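No value in this document is a laboratory result; all are computed from the given coordinates. Note that the coordinates shown come from a computational prediction; the quantities given were computed from them, not determined experimentally. Cβ: placed from backbone, ideal geometry, glycine included. Neighbour counts: every protein chain shown.
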Amino acid sequence: MREWAGGSRTWPIDILTNMAPSTKKNPIDLLFAVLTAVSSFSIILLIAGILIVLVFESSLAIHKFGVFNFIFTIDWDPVRKIFGAASALYGTMVTTVLSMLMAIPVAVGIAVFITEIAPSFLKGPIGVTIELLAAIPSIIYGMWGLFTLAPIMSNTIEPALQATLGKLPVFSILFKGTPMGIDLLTASVILSIMIVPFTASISRDAFNLTPEVVKESAYALGATKWEVVKNVVIPYSKLGVFGGVVLSMGRAIGETMAVAFVLGNNHQITSSLLNAAATITVSLANEFTEADSDIYLSSLFYLALVLFVLSFITLFIAKLFLIRAERKYSR
Amino acid sequence: MTHETKRKIEGFVALFLSTLAAFMGLFWLIFILGDVLINGMGALHLNFFLNDPTPAGVSGGGLRNAFVGQLMITAFATLIGVPIGVLGGTFLAEYARGKKLSQIISILADIMVSVPSIIVGTFIYALMIKPFGHFSGWAGAAALAIIMIPVVLRTTEDMLSLVPWTLREAAFALGAPYYKVIIQVVYRGAATGIFTGVLLSIARVAGETAPLLFTSFNNNFFSMNMNGPMPSLTVSIFQYAMGPYDDWHAQAWAASLVITLFILFITIGGRLLLKWRYKR
């Protein structure tokens with residue numbers, strides 16, 4: 001593992017002149033150091049560049065619609081040239097929250113299975129399965145969703161939900177309308193299948209960091225396996241698990257191709273999960289090349305800016321949690 | 001019911017549910033892979049690789065153009081992204097090792113890995129498409145390279161950190177300058193790891209669609225001109241799957257099968273390589 005030298009404040013140029021342990025006077029060494037430094041600064045350059053370019057490109061829309069007005073306007077009307085992000089934000093939020101609700105229990109369950117329950121000959125294969133699920137590109141999930149999952153949803157699952165939960169007083173507004181399979185619910189299901197591997201593998205890594213001694217002392221007190229998981233492992237690793245959950249949320253917010261096929265790109269705010277909707281990513285994927293006016297294109301850049309800020313903040317929070325978790329465990 | 005039986009039942013139910021969750025994961029993988037395999041095999045003839053697309057509705061076309069386009073875009077993205085990523089990771093793990101700056105860049109790179117890829121698409125669109133007024137393969141390669149850089153950078157940093165510091169000290173003691181130590185000692189020690197990182201980053205970008213949608217766009221004809229719109233497998237899948245023809249759908253499945261197999265092959269290969277190198 002790496003050791004941090006400490007929190008002293010250092011500027012890039014100091015590093016180049018002071019850091020190299022051996023030679024300060026070798027010109028090739030300095031050249032190589034500068035080359036690597038420039039390469040690593042490309043990350044900062046990229047993030048700053050993306051922010052600046054998106055703000056610049058969306059300035060027309062920022063100027064015309066403002067910030068709050070844009071976020072809370074439901075209309076997305078290329079004909080009248082009125083654009084608001086509310087409907088796309090709503091779609092992004094609903095699909096993200098719904099998919100997280102479905103994914104988190106399954107992911108934690110998988111992590112518990114791999115770390116605590118599975119016999120050792122199953123640990124490897126299930127772990128690899130999870131990693132492979134994470135490696136499948138999102139467009140495959142999207143196409144599978146369109147051709148395989150959507151028909152199953154519209155023929156079997158959605159009518160069944162309407163017949164059961166849809167009859168209850170409060171839930172009925174969630175399941176109104178004709179089940180078409182191209183809707184918020186299907187998109188959320190696909191998203192959740194996509195997210196599970198990320199959440200599961202980070203939770204597994206966090207669970208694995210629980211010291212055996214602590215677990216064994218709980219067993220010695222007569223705790224059952226589940227009590228050990230519930231009262232020792234999960235409390236011990238909650239920072240890491242939480243970081244993993246937020247990280248997956250960041251992925252869900254920005255996922256494009258998996259939902260682009262099955263959401264219908266219909267800018268509306270609908271209470272029913274069985275209606276088509278739009279997310280920020282789906283709007284971008286579908287409309288970017290079709291934007292026929294400057295303000296339309298600028299509004300799409302504005303949407304991209306909103307998405308960038310949103311996912312950057314989410315990912316940053318996730319990273320903070322994961323760093324804190326790492327510090328806690330390494331102590 | 002006594003307290004003990006209640007605890008036992010509760011434990012049994014909870015453990016049963018997590019076992020169920022694990023097998024659900026297995027179920028989805030088999031379901032999705034099986035579906036891609038069954039549907040993809042149907043259109044996987046030799047013609048699929050050797051013919052260009054026929055006009056819409058006419059059967060018998062293939063996706064040769066998309067295979068070539070995908071290869072060229074990915075290859076150029078690798079050529080741009082890998083050197084920058086490896087050098088950047090070298091800076092973090094060597095020259096700036098242990099510094100706050102290295103930590104910050106490392107965190108930012110981790111965030112960049114997960115930033116929505118479609119945003120990279122809009123960024124490149126603004127920089128490389130809008131000013132010139134036409135789509136280009138270069139823009140697609142640049143977008144994929146941007147996605148690759150943080151992935152390669154982070155794995156390189158991690159792999160270089162695994163090389164024992166004493167190894168470098170031994171080389172310093174012989175009077176070698178730092179750059180020589182890095183290139184001849186550290187890179188050699190970490191070669192397998194860096195190579196695997198590059199492989200995995202190629203697997204990552206090979207399935208990317210969103211950043212290509214409005215950079216390299218698509219092209220129904222065979223093209224090796226990186227200055228014009230370039231077809232790619234993933235964008236072709238998107239276009240064909242959303243299209244109305246059964247023939248298109250079959251080809252989209254076949255293309256998905258090829259991409260999925262390619263990516264799974266690289267991912268498994270990379271993992272085996274790492275295991276072989278580090279866990280002996």
For A:ILE82, enumerate residues with amide H under 5 Å from its amide H, sequence gap 5+ or separate chain, H modeled in the peptide plane. A:ASP77
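May I ask you to sort A:LEU305, A:LEU122 by Cβ crowding, counting other Cβ atoms within 10 Å and putting the fewest first? If you can, show how the numbers build up before the last one.
Details: A:LEU305 25, A:LEU122 15.
Taking fewest neighbouring Cβ atoms as first place, the list is A:LEU122, A:LEU305.
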Expected integer from the mean partner chain Cβ neighbour count at 10 Å over A:250-257 is 5
Apply the membrane-span-like helix rule to chain A: whole DSSP H runs, Cα extent along the own long axis of at least 20 Å, mean Kyte-Doolittle hydropathy at least 1.6. List the helices found. A:27-57, A:86-112
Can you spot the lysines whose alpha carbon is less than 24 Å from A:LYS167's alpha carbon? Ignore those fewer than 8 places along the same chain. A:LYS176
Cβ-derived FRET efficiency at R0 25 Å, A:ASN155 paired with B:MET24, nearest 0.05: 0.75
R0 of 56 Å, Cβ-Cβ distance B:ARG277-B:THR2: FRET efficiency to nearest 0.05: 0.55
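Lys and Arg at +1, Asp and Glu at -1: add these up for the other residues within a Cβ distance under 13 Å of B:ILE183 and post the number.
Neighbourhood net charge equals +1.
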Scan segment B:118-213 for chymotrypsin sites (Phe, Trp or Tyr not before Pro) in coil per DSSP, keeping those whose Cβ has at most 12 other Cβ atoms within 10 Å, and list them by number. B:PHE132
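Rounded, prolate or oblate: which fits segment B:1-123, taking a ≥ b ≥ c as square roots of the Cα gyration tensor eigenvalues, rounded meaning a/c under 1.5, else prolate when a/b beats b/c?
It comes out oblate by the Cα gyration axes.
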Sorted by average packing, counted as other Cβ atoms within 10 angstrom per residue and highest first, what order do B:42-50, A:38-46 take? A:38-46, B:42-50
Computed, not fitted: 222 nm per-residue ellipticity of the protein assembly as shown from DSSP H runs ≥ 4 (each -39500 (n - 2.57)), nearest 500, equal to -22000 deg cm²/dmol
Contact order relative to length of segment A:85-330, as percent, for alpha carbon pairs under 8 angstrom and 6 or more apart: 30
Counting other beta carbons within 10 Å of each Cβ, put B:SER59, A:SER58, A:SER330, B:SER223 in order, fewest first. A:SER330, B:SER59, B:SER223, A:SER58
Tell me, what HN-Hα J-couplings in whole Hz come from the Karplus equation 6.51 cos²θ - 1.76 cosθ + 1.60 at θ = phi - 60° for each residue of segment B:93-101, using x for Gly and Pro? 8, 10, 5, 9, 3, x, 8, 4, 4
17 Å Cα-Cα reach of B:LYS8 towards aspartates and glutamates, excluding residues that sit fewer than 8 places from it in its own chain: A:GLU116, A:GLU227
Output the pairs from A:LYS215/A:LYS328; A:LYS215/B:LYS100; A:LYS225/B:LYS275; A:LYS215/B:LYS275 with a Cα-Cα distance over 25 Å in this structure; if there are none, say none. A:LYS215/B:LYS100; A:LYS225/B:LYS275; A:LYS215/B:LYS275
For segment B:66-278, calculate the relative contact order in percent as a whole number, restricting contacts to Cα pairs under 8 Å that are 6 or more residues apart. 28
Can you classify chain B as rounded, prolate or oblate using the Cα gyration tensor, where a ≥ b ≥ c are the square roots of its eigenvalues, rounded means a/c under 1.5, and otherwise it's prolate if a/b beats b/c and oblate if not? oblate
Label-point gap, in nm, between B:ALA173 and A:VAL170 - each point 7 angstrom along Cα→Cβ: 7.1
Would you please give the residues with an amide H less than 5 Å from that of B:ASN51, counting only those at least 5 places away or on a separate chain, with H modeled from the backbone geometry? B:GLY62, B:LEU63, B:ARG64
For a footprinting-style exposure proxy, rank A:SER138, A:SER293 by other Cβ within 10 Å, fewest first. A:SER293, A:SER138
